[in-house]
Amino acid sequence: MRSPLDPLDSKKLNSFHWRTAVIGGMGQFTDGWDLSSASIFLFAIAETFHIAVLSSASSLILSSVIIGNFVGALIFGPLVNKGRKRFYGIDVGLMTIGAIMEALSPNVYSLILSRFILGIGVGADYVISPLIVAEYSNRNDRGKLLTLSGGLSWDLGALSLAIVSITLSIFLPPQLLWRVAMGMGAIPALSVLLARRRLPETPRFLALLKGDKEAMRRDYGLDISVVDGTPISTYMKRMMKMLVLASLTWFLFDVVAYGLGFFSPTEIGETLGFTPPEFSAIMYASFTIPGALVAMYLVDSTGRRINQTLGFVVMGASALTLGTLFNEGFKSLDFTMVIIALSLLGMENFFSQIGPGTVVGFWGVELFPTKIRGLTQMITVVAGRSGAILSAFLYAYLFSVGLSVTMVFTAVLSFIASLITLTLREPAKRSLEVISEENRGEEKNGISS
């Protein structure tokens, strides 16, 4: 079976591919900046507004942006069939507004609201950017482009925030520092607003949904118009099992990744003798970003399933080891024990990015036909965001019980997710239409040229 867009899928990696991936990645960069800012500055925010760190108000500060992700995905997922490019730019516009509002928040309630608005933009971007990058990409390099625009960009955003925070802390008091740093999140979002509006519509939307031969000739030099008349309900019924399994892996990953990400800088980092920005900078620079770079190199050759399965297994093993070694808590830690703890946490972060931290966002756009790709990405995003929302409250409780319980729980969920991953279809180096069997003519699906 060949894709009707095989001439585009067969192209070598070029500057257009890289440019669209970078433009798409700035939304994830902004998300990494803003989500990590709340965990890094949680103590300073709590002091500013006179709330406890492990409180419901703090959990709402952490989770409000993710609740916004949930809403943004639900709004924009069904809309992308009206045009991918049509809504590209609205997402980063909302991020810009939310980041500025964060910096100016007079009380904890306005901060929660501003992070919710920012989160709507991020949720829209979680649906639109990976979908657009995948539909522009060639088949042999699609994974590397999705990695650059996704997990790697997120990690670079988080590391940049940590470095900026450490630098600005020399000049600014904590109560002002968090406002300046959060407000600076508007810069990367605003920087790609015009660039996103100027990109051409994706070839798959033009050829397979809109049937616009003129636009395909003008923008891509191809004389193609393949209109898919298959009802959305037919595709959803056929693909439901795969959609549930893919969504479940993202849900489980976000439970453990955000749970540790939200509270590790304060609950673990400070116990080990680091400030939250220092701890985050060490983790991202030494482990997380190197893991994403390895993923970018491997993901098209080793495949999505192997990377994600291996990532979950090592995450689980690292967490279990950490929980076993430190079941009495971080008391009387000497230098050797600090190094062991950092190494175990680093290993968890490194393999997280080799696997699920990079790959969980691929499934919703790679496994499903063009006609339902917006809906399937929306559903996987909502599943992941549901896990992240749960984690903000669940891990606040688990850390209050103890590190050992927290890490054992993390390990169990990671091992379960590794088994589920093995049931998913491998999309590496295959055309999107071939992976999803989009043009196989099943049930008189109405595909015609």
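The values are calculated or read from the model by the stated rules, or taken from the named source; none is laboratory data. This one's a predicted model, so the numbers in the text were calculated from it and none came from an experiment. Counting neighbours? That spans all protein chains shown, and the Cβs are built from the backbone with ideal geometry, glycine included. Each accessible area value is taken on the protein alone, full model and side chains, heavy atoms only, with ligands, DNA and RNA left out. Shrake-Rupley method; radii C 1.70, N 1.55, O 1.52, S 1.80 Å.
In bins 10 Å wide, starting from 0, what share of all Cα pairs of the stretch 1-130 does each bin hold, as a percent?
Reading upward from the zero bin: 12, 36, 27, 15, 7, 3, 0.
Can you list the aspartates and glutamates whose alpha carbon sits under 16 Å from that of K12, skipping same-chain ones fewer than 8 residues off?
K12 reaches E135, D141, D300.
I'd like the Kirkwood hydrodynamic radius of the stretch 133-286, using the inverse of the mean 1/r over distinct C-alpha pairs, in Å.
Computed over the stretch 133-286, the radius equals 19.8 Å.
Can you tell me the Rg and the Dmax, both Å, for the Cα atoms in the chain?
For the chain, the Cα-based Rg and Dmax read 21.5, 72 Å.
For the chain, with a Gaussian network of springs between Cα atoms less than 10 Å apart, report the residue from S160, S400, S63 with the top mean-square fluctuation.
Sorting by GNM fluctuation, first place goes to S400.
Take the Cα atoms of the stretch 228-364, build their convex hull, and give its volume per residue in Å³.
127
Compute the relative contact order of the stretch 63-133 as a whole-number percentage, counting only Cα pairs closer than 8 Å that sit 6 or more residues apart in sequence.
54
For the stretch 99-190, what Kirkwood radius comes out of the mean inverse Cα-Cα distance, in Å?
15.0
What number does the stretch 211-296 give for Rg over Rh if you use C-alpha atoms and the Kirkwood radius?
1.28
Could you please state, rounded to a whole Å, how far the C-alpha centre of the stretch 366-391 is from the C-alpha centre of the stretch 177-243?
Here the answer is 15 Å between Cα centres.
Please report, in whole Å, how far the alpha carbons of the stretch 172-258 spread along each principal axis, starting with the longest.
Ordered largest first, the stretch 172-258 gives principal extents of 60, 38, 17 Å.
From the phi angles alone, apply the Karplus equation (6.51, -1.76, 1.60; θ = phi - 60°) to the stretch 125-131 and give each ³J(HN,Hα) in whole Hz, x where the residue is Gly or Pro.
Computed from phi, the couplings for the stretch 125-131 are 5, 4, 7, 6, 5, x, 4 Hz.
Nearest 20 debye, what's the magnitude of the dipole of the chain about its Cα centre given +1 on Lys and Arg Cβ and -1 on Asp and Glu Cβ?
1480
Counting only C-alpha contacts under 8 Å and six or more residues apart, can you give the relative contact order of the chain as a whole percent?
Relative contact order of the chain: 25 percent.
How about K213: which lysines have a C-alpha closer than 19 Å to its C-alpha, ignoring those fewer than 8 places off in the same chain?
K82, K85, K371
Measure out, as a whole number of angstrom, how far apart the alpha-carbon centroids of the stretch 257-315 and the stretch 1-74 sit.
15
Debye calculation, C-alpha points only, no solvent: report log10 I(q)/I(0) for the stretch 1-72 at q = 0.12, 0.15, 0.29 Å⁻¹, in the same order as the q values.
Listed by q, the Debye log ratios stand at -0.55, -0.67, -1.23.
Grab the DSSP H runs of the chain that are 4 residues or longer, score each as -39,500 (n - 2.57), total them, divide by all residues and round the 222 nm result to the nearest 500 deg cm²/dmol.
-22000 deg cm²/dmol
Which order do L168, L74, L194 take when ranked by solvent-accessible area (1.4 Å probe, heavy atoms of all protein chains), largest first?
Of L168, L74, L194, the descending order of accessible area is L194, L74, L168.
Taking amide hydrogens as modeled 1.01 Å from N in the peptide plane, which residues meet the under 5 Å criterion relative to V227, leaving out close sequence neighbours?
Placed amide hydrogens put S448 under 5 Å from V227.
Farthest toward the dipole's positive end in the chain, which of S431, G259, I379, given Cβ charges of +1 (Lys, Arg) and -1 (Asp, Glu) about the Cα centre?
The listed residue farthest towards the positive side: S431.
Over all alpha-carbon pairs of the stretch 360-429, lay out the pair-distance distribution in 5 Å bins, whole %, shortest bin first.
Per 5 Å bin, starting at 0, the Cα pair percentages come out as 3, 14, 17, 20, 17, 12, 9, 6, 2, 0.
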